[in-house]
C-alpha cells in the first residue's frame with residue numbers, strides 16, 4: 001500500500017509560516033505588502049514558490065536590494081520549519097506506517113529551498129520517497145513513477161492527500177483508482193468535487209483511511 005502526501009498545508013502550516021516569512025523582507029527595505037504582492041505574482045507566473053525568482057522580481061523594483069543577503073536570510077528561515085509543522089503530523093505519519101503504508105511526499109516548489117524545509121521539519125525520516133515538482137500536476141507524476149504498481153480499483157492500496165481542491169481533482173482525473181482525500185481546515189475553502197473524502201485534519205483523514213478495504 002502506498003500513500004502520496006502533500007507537504008504545505010497538509011503536514012506544514014504554510015499560512016502561519018507565511019506571516020513570519022514576509023516580515024523578514026522588511027529588514028531589506030521591502031514592505032511585507034510588497035513581498036506578498038510579488039510572491040503572488042510569481043505564483044501566477046511560474047506556479048510555485050521559487051525564492052530565487054522572487055528575489056529577482058524584487059530586485060527589478062528595488063535595484064539596491066542586497067539580493068544574496070536576502071536569499072541567505074530566506075534559506076535560514078527555511079531551516080526553522082519544524083516549528084510550523086502541524087501538531088498531529090508526526091503521529092499521523094507514524095500511524096500510517098504502522099498500518100502498512102509506504103509513504104511518499106509529493107510537493108511543489110523550489111528543489112533547493114523545499115528540500116531544506118523538508119529536511120528541517122524532522123518529517124523526512126517517515127518517507128520512502130521525496131518528490132519535489134515544478135507544478136501542481138501531481139497525478140501525472142504519480143502515473144509516471146508508479147504506473148506499473150498502482151491498483152486497478154479503489155480502496156486503501158493507494159491514497160492521495162492534499163489540501164487544494166484543484167490538485168485533488170486533477171489527481172482523481174488522472175488516477176481514478178486512487179482514493180483521494182482533501183484536507184480542509186478552514187471554513188470557506190474551495191472543496192474538491194472529486195475527492196472521496198474531505199477531512200478536517202490529518203487524524204480525521206486517518207480514521208477514514210482505516211475504514212477502507
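Each value in this text was obtained by applying a stated rule to the coordinates, not by laboratory testing. Predicted, not measured: the structure shown is a model, and the values here were computed from it. Please note: Cβ atoms are built from the backbone with ideal geometry, for glycine as well, and neighbour counts cover all protein chains shown.
Taking 0.36 nm per intervening residue step and subtracting the Cα-Cα distance, what contour gain separates residue 150 from residue 112 on full extension? Write down the numbers at each step before the final one.
Working: separation 38, 0.36 × 38 = 13.68 nm, distance 2.92 nm.
The residue 150-residue 112 span can extend by a further 10.8 nm.
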task: Please give the FRET efficiency for residue 87 paired with residue 190, using the beta carbon to beta carbon distance and R0 = 35 Å, rounded to the nearest 0.05.
output: 0.90
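Antiparallel versus total DSSP beta bridges in the chain: what percent is that, nearest 5?
Antiparallel bridges make up about 5 percent of those DSSP assigns within the chain.
In deg cm²/dmol, rounded to 500, what helix-only [θ] at 222 nm does the chain give when every DSSP H run of at least 4 residues adds -39500 (n - 2.57) and the total is split over its residues?
-13000 deg cm²/dmol
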- request: Would you kindly state how much longer the chain becomes between residue 203 and residue 56 on full extension, computed as 0.36 nm times their sequence separation minus their alpha carbon distance, in nm to one decimal?
  value: 48.9 nm
- request: Report, largest value first, the span of the C-alpha coordinates of the stretch 112-213 along each principal axis, in whole Å.
  value: 37, 34, 25
message: Of the candidates 172, 125, 80, which one comes out as most mobile in a Gaussian network treatment of the chain with C-alpha springs shorter than 10 Å?
response: 125
statement: In degrees rounded to 10, the 0-90 angle between helix 67-78 Cα long axis and the longest Cα principal axis of the chain is 30
query: If you build the Cα gyration tensor of the stretch 15-81 and take the root of 5 times each eigenvalue, what three semi-axes come out, in whole angstrom, biggest first?
result: 16, 15, 12
query: What distance in nm separates the simple spin-label points at residue 211 and residue 98, each placed 7 Å from Cα in the Cβ direction?
result: 2.1
- prompt: GNM on the chain, C-alpha springs below 10 Å: top fluctuator among 165, 89, 190?
  reply: 190
- prompt: Of 184, 120, 149, which is the most mobile in a GNM of the chain whose springs link Cα atoms less than 10 angstrom apart?
  reply: 149
query: Cα axis of helix 32-46 to longest principal axis of the chain: angle in degrees, 0 to 90, nearest 10?
result: 50
Cα centroid of the stretch 114-165 to Cα centroid of the stretch 181-197, whole Å: 18
